[in-house]
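Scroll down for the structure; my scribbles are underneath it.
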Amino acid sequence: MGLCTSEEKAELESLRVQYPELEKAITEYEVSFEQNLMNTAETIPASVDIALKKGLSELVQPAGRIYDIQANYKKRNKLIYAVAAASLVLLCCSLFYNYKLYQLQQNTGALLTKSRTLETLPPGDYKILNDPSITPIAMYGVGSHAICRCTMFWDKRTGKVYIILHHLPFSSDSKDYQLWAYVNGKAVSVGIVKDEIRGRFIEMQNIPADAISFSITLENAGGALTPTESEAYLRGKI
Amino acid sequence: MNNQTTYTENALVRSLKERNNEAFTYLYENYKNALYTVVIQVIPESESAVDVLQEAFITIWKNIEKYDHSKGRLFTWMVKVVRNIAINHRRSKYFQQGQKNDSLDLYVSYIENSASDNGIPINLIGLRKQVHALKKEHMQVLELGYFNGLTQEEISKVLDIPLGTVKTRIRNAIIELRKNFS
């Protein structure tokens, strides 16, 4: 139940391995605790249930997609053979059309290549990941933004922080993400996060040396004097 | 989320570690009421329940590899996760509101108001209601330790009793609670 000290817990873990009767007693207590909680549980309100399912569906979906791919693998094999046979028949008739498509793809590919360079980390940024004197800080999504993630790498020697956004919706033209550092319980603005930068570090500076936690909130364009806590997207601490 | 499969605890843990989303659906549907009750016993405001429960289920999903069945049942582990997140959420809320979250004076007046001789408050539910049915000295240590997350040392300071007495009362409270479970 979380009521013992860490020393007591360690001692108990050691004793339950040595004494099967103690293990049995603990298990019996856990079973009765579980049964009691399940039998006396309140029914979750429908509004809470719906909100949770919506928030959690995106979490589970990647796993679902993996199972979908595996389940459809056998079907896809047969499909590939059918498509290959049909392509041989249609090849002669569609050569001119394919040539036109190829030209279109070349033009599109040029645009994709230009944007793709932003999706790979530049070689120079990797030194930040490997620098042992830099403190990594994981930032986790808050509330309905639980799926959001970013990582900050704080170089206390220079007061700079390097942020990489793993998952964060783009801000609109009328809004900006703002980074806050918390010192002695007070929020200090670090600045606007350039969230249009993806796939490489966003560099920010003037991080207070004694900050112990951070948050990123969505504010009106230009930023705010104090953080709008209800618009907190990410939080993290050392 | 449709649930058409049931799981034993071992099969459920195994499936969750394999990232089976059907298992996660079962986990959610089977335990959502109990875990919701754990949350509202720590944070009565239901609008916070969504945030806390979502974070809890995400934590459970992402950290299921850390669950060790030799140290306890899955449900017990999940309750600990939910309770810890709820307590941290509440402390964070008080922190943001400018209240000193390390002031034990808040808990002195809180426990004095809780230890009423007028019976069990009618708004209490589930485990908390059962805790408030215990002897006053047992109710106090469980209320402060379990529902408010205070350490044994902090309970000792709030109640102004020796640490050894806190340990004894916790032990006796759990024994008394278990009798009520049976």
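Things to note:
- Residues that are more than 10 Å from chain B (Cβ to nearest Cβ) and surrounded by 13 or more Cβ atoms within 10 Å (Cβ to Cβ) within the stretch A:5-24 comprise just one, A:Leu22.
- Within the stretch A:147-177, tally of residues that are exposed (fewer than 15 other Cβ atoms within 10 Å of the Cβ), within 18 Å of A:Gly223 (Cα to Cα) and not hydroxyl-bearing (Ser, Thr, Tyr): 3
- B:Ser92 meets all of the listed conditions (1) within 23 Å of A:Glu30 (Cα to Cα); (2) within 9 Å of chain A (Cβ to nearest Cβ); (3) of a type outside the set (A, V, I, L, M) but one, namely (1).
- Of all residues in the stretch B:123-182 being outside any helix (DSSP H, G or I) and in contact with an Asp or Glu (Cβ under 8 Å, 6 or more places away or on another chain), the one that is surrounded by the most Cβ atoms within 10 Å (Cβ to Cβ): B:Leu134
- Complete set of residues in the stretch B:1-32 that are surrounded by fewer than 18 Cβ atoms within 10 Å (Cβ to Cβ) and at the interface with chain A (Cβ under 8 Å from one of its Cβ atoms): B:Met1, B:Arg19
- Per the listing B:Val38, B:Val81, the residue uniquely under 28 Å from A:Ala25 (Cα atoms), more than 9 Å from chain A (Cβ to nearest Cβ) and not acidic (Asp, Glu) is B:Val81.
- Residue, surrounded by the fewest Cβ atoms within 10 Å (Cβ to Cβ), within the stretch A:186-214, restricted to residues that are under 15 Å from A:Thr228 (Cα atoms) and out of contact with any Ser or Thr (no Cβ under 9 Å at 6 or more places or on another chain): A:Lys186
- Members of the stretch B:123-163 that are at positive phi and either of a type in the set (A, V, I, L, M, F, W, C) or assigned by TED's automatic domain parsing to the domain that holds B:Val39 (or both): none
- The stretch B:50-75: number of residues that are crowded, with 20+ Cβ neighbours inside 10 Å and either modelled with pLDDT under 85 or of a type in the set (Val, Ile, Thr) (or both): 4
The values are calculated or read from the model by the stated rules, or taken from the named source; none is laboratory data. Just so it is clear, the structure is predicted and the values come from calculations on it, not from any experiment. When we count neighbours, we look across all protein chains shown, and the Cβ atoms used for this are built from the backbone with ideal geometry, even at glycine.
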